[in-house]
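**Student:** Can you read through this structure? Questions will come right after.
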Amino acid sequence: MDWWFDPARTYDDNVRNGPFGAFDGQPPTVAGATAPGETFLGHAVHRPFGVAAGPLPTARHCAASFAHGFDVNVFKTVRSRAMPAHPFPNTLAVRVDGDLPAEPGVTLMADADLTTAHSISNSYGVPSPDPDEWQPDMAAAAAAAADGQVLVGSCQGTRDGDDANLVADYARTAQLVVETGVGAVELNLSCPNEGTGALLCFDTALAARVVRAVRERIGDIPLVLKIAYFRDDDALAGLVRAVAPVVDGIAAINTLPAMLVDAAGRQALLGPGRETAGVCGASIRWAGLAMTRRLVRHREDGGHAYAIVGVGGVLTAEDYRVYRDEGADAVMTATGAMRDPSLGSEVRALAR
Ligand SMILES: Cc1cc2nc3c(=O)[nH]c(=O)nc-3n(C[C@H](O)[C@H](O)[C@H](O)COP(=O)(O)O)c2cc1C
């Protein structure tokens, strides 16, 4: 497998020296659409498809992704201050047959043999450079989008004191993202590495405060909310009611949590708070699709207009097609793109 964001290397190595593999060097000639024929949040795009927040942490990664035919790319989530990554390793192959249940306490075996991995762990802790560093880099990434392509900037607030502080930090960070010239802002409300029980998207009142504060600060630029899988559909309906008048898009899902152990039953990712990690890839596709269907229904029920970005387990062009058929307005992939750099051009080549 050709990992251009290479899980066998540390996060810092990927940032400093990546991308690797097919993304390092001359890009291929991308087949398919010659003129942008679709739209994503008001932007003309060849295909509303690209790389989700995570594997594109620098302008070099984003430029390579655009050049390989991924048309809607998300620059990895940034913060208002520098933050180191969790200790290496961060991505392991997760051994799971079929669908990963969305239940607390699921235990899975994980190891470093990624050669045949369809599901992987994601335990990076949302690292970020300082804004002085990421702002010019994100601006370069936005400029790398060609005709029919768009860069989305993902960010999140950092908790440092009370809720008011967190809300203000989200607004400040979103403003810094807008200053780089991105085509849309994505707010990560679903980070699984800051305590899965305490995801911001599950706190409707606080999530609503965040989106209102961000909207007030950034004006009309398209705003997308990235949320987790909701087990409770009434809670999802409540969040939708609270945020739909303010946001332009809802992206789902991030990852599903699981306890990861090695072959001897010991904690697989070392360090406090890392017993549980986010799992992504094929085994969570069912959950991303279920959320797409539910977001379609809640949009209809409430007469809302938000775009739905389907994420989770998209490993093939056929998976893209299935998400679109379920009602996703755009589709994104992290694991699938990391495994297969030709996925962008394969989706481009699909008949409309
Ligand atoms: C290496 C890696 C890093 C990630 N980092 C982020 C992040 O910084 N912000 C975010 O919102 N999601 C992050 N994610 C989650 C993805 O955006 C996506 O929601 C998740 O991986 C499910 O999609 P997939 O099955 O295609 O991987 C990351 C995923 C991976 C694999």
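No value in this document is a laboratory result; all are computed from the given coordinates. Because the structure is a prediction, the values reported are computed rather than measured. Here the Cβ positions follow ideal geometry from the backbone for every residue, glycine too, while neighbour counts run over all protein chains shown.
**Student:** Please list, in order along region 328-341, the HN-Hα scalar couplings obtained from phi with the Karplus expression 6.51 cos²θ - 1.76 cosθ + 1.60 (θ = phi - 60°), rounded to whole Hz, x for Gly and Pro.
**Tutor:** 3J(HN,Hα) across region 328-341, in whole Hz: 5, 7, 8, 9, 9, 9, 10, 4, x, 5, 5, 6, 9, x.
**Student:** With +1 on the Cβ of every Lys and Arg and -1 on the Cβ of every Asp and Glu, and nothing else charged, how large is the dipole of region 215-352 about its Cα centre, in debye rounded to the nearest 20?
**Tutor:** 140
**Student:** Here's another thing I want to ask about it. PRE reach from ARG16 (point 7 Å along Cα→Cβ): which of region 128-150 fall under 11 Å by backbone N?
**Tutor:** Label zone hits: none.
**Student:** Here's something else I'd like to know. Taking amide H positions as placed 1.01 Å from N in the peptide plane, with prolines and chain starts having none, which residues 5 or more places from PHE40, or on another chain, fall under 5 Å of its amide H?
**Tutor:** Amide H neighbours of PHE40, under 5 Å, 5+ apart: VAL45.
**Student:** Grab the Cα-Cα distance for THR34 and GLU275, subtract it from 0.36 nm times how many residues apart they are, and report the gain in nm with one decimal.
**Tutor:** Here the answer is 82.0 nm.
**Student:** Please report the equivalent ellipsoid semi-axes of region 120-182, computed as sqrt(5 x eigenvalue) of the Cα gyration tensor, largest first, in whole Å.
**Tutor:** 24, 16, 11
**Student:** Would you kindly derive the ³J(HN,Hα) couplings of region 118-128 from the backbone phi angles with the Karplus curve 6.51 cos²θ - 1.76 cosθ + 1.60 (θ = phi - 60°), listing them in order in whole Hz, with x for Gly and Pro?
**Tutor:** Computed from phi, the couplings for region 118-128 are 10, 10, 9, 8, 9, 9, 9, x, 6, x, 8 Hz.
**Student:** How high is the relative contact order of region 1-108, given as a whole-number percent (alpha carbon pairs under 8 Å, six or more residues apart)?
**Tutor:** 24
**Student:** Within a 10 angstrom radius of the beta carbon, how do MET109, MET338 rank from fewest other beta carbons to most?
**Tutor:** Sorted ascending by nearby Cβ count, the order is MET109, MET338.
**Student:** Would you grab the residues whose amide H sits under 5 Å from the one on ASP130? Only those 5+ places off in sequence or on another chain, please, with H modelled 1.01 Å from N.
**Tutor:** Correct list: ALA82.
**Student:** Right, another one. Sort region 66-181 into rounded, prolate or oblate with this rule: let a ≥ b ≥ c be the square roots of the eigenvalues of the Cα gyration tensor; rounded if a/c is under 1.5, and if a/c is not under 1.5, prolate when a/b is larger than b/c, oblate otherwise.
**Tutor:** Oblate, because a/c is 1.5 or more while a/b does not exceed b/c.
**Student:** Normalised by the number of residues in the chain, what is the relative contact order in percent for Cα pairs under 8 Å and 6+ residues apart?
**Tutor:** 20
**Student:** Something else now. How large is ³J(HN,Hα), in whole Hz, for each residue of region 146-154 in order, when computed from phi with the Karplus curve 6.51 cos²θ - 1.76 cosθ + 1.60 and θ = phi - 60°, using x for Gly and Pro?
**Tutor:** Result, rounded to whole Hz: 8, 4, x, 9, 8, 9, 10, x, 9.
**Student:** Starting from the Cα gyration tensor of region 14-100, multiply each eigenvalue by 5, take the square root, and state the resulting semi-axes largest first in whole Å.
**Tutor:** Equivalent ellipsoid semi-axes, largest first: 26, 18, 16 Å.
**Student:** In addition: Taking H as built 1.01 Å from N, whose amide H comes closer than 5 Å to the amide H of ALA251, not counting residues under 5 places away?
**Tutor:** Counting only residues 5 or more places away or on other chains, the set is LEU225, LYS226, ILE227, VAL309.
**Student:** Gap in Å between the Cα centre of region 273-335 and the Cα centre of region 203-244?
**Tutor:** Taking the Cα centre of each part, region 203-244 and region 273-335 sit 17 Å apart.
**Student:** Another question, if that's okay. Give me the mean projected area, in nm² to one decimal, of the convex hull enclosing the Cα positions of region 1-59.
**Tutor:** The number I arrive at for region 1-59 is 5.3 nm².
**Student:** Continuing with this model, one more query. When Rg is the radius of gyration of the Cα atoms in the chain and Rh is its Kirkwood radius, what does Rg/Rh come to?
**Tutor:** 0.93
**Student:** With the chain treated as a Gaussian network of Cα nodes joined by springs under 10 Å, which of VAL150, VAL322, VAL243 yields the largest mean-square fluctuation?
**Tutor:** VAL322
**Student:** Using just the C-alpha positions of region 61-111 as equal point scatterers, what log10 of I(q)/I(0) does the Debye formula give at each q in 0.13, 0.21, 0.27, 0.32 1/Å?
**Tutor:** Treating every Cα as an identical point scatterer, log10 I(q)/I(0) equals -0.66, -0.96, -0.96, -1.17.
**Student:** Mind giving me the nanometre distance, one decimal, between the label points for ARG297 and GLU318, set 7 Å out from Cα along Cα→Cβ?
**Tutor:** 2.6
**Student:** Could you work out [θ]222 nm for the chain from helices alone, using -39500 (n - 2.57) per DSSP H run of at least four and dividing by all its residues? Round to the nearest 500 deg cm²/dmol.
**Tutor:** Here the helix-only value at 222 nm equals -9500 deg cm²/dmol.
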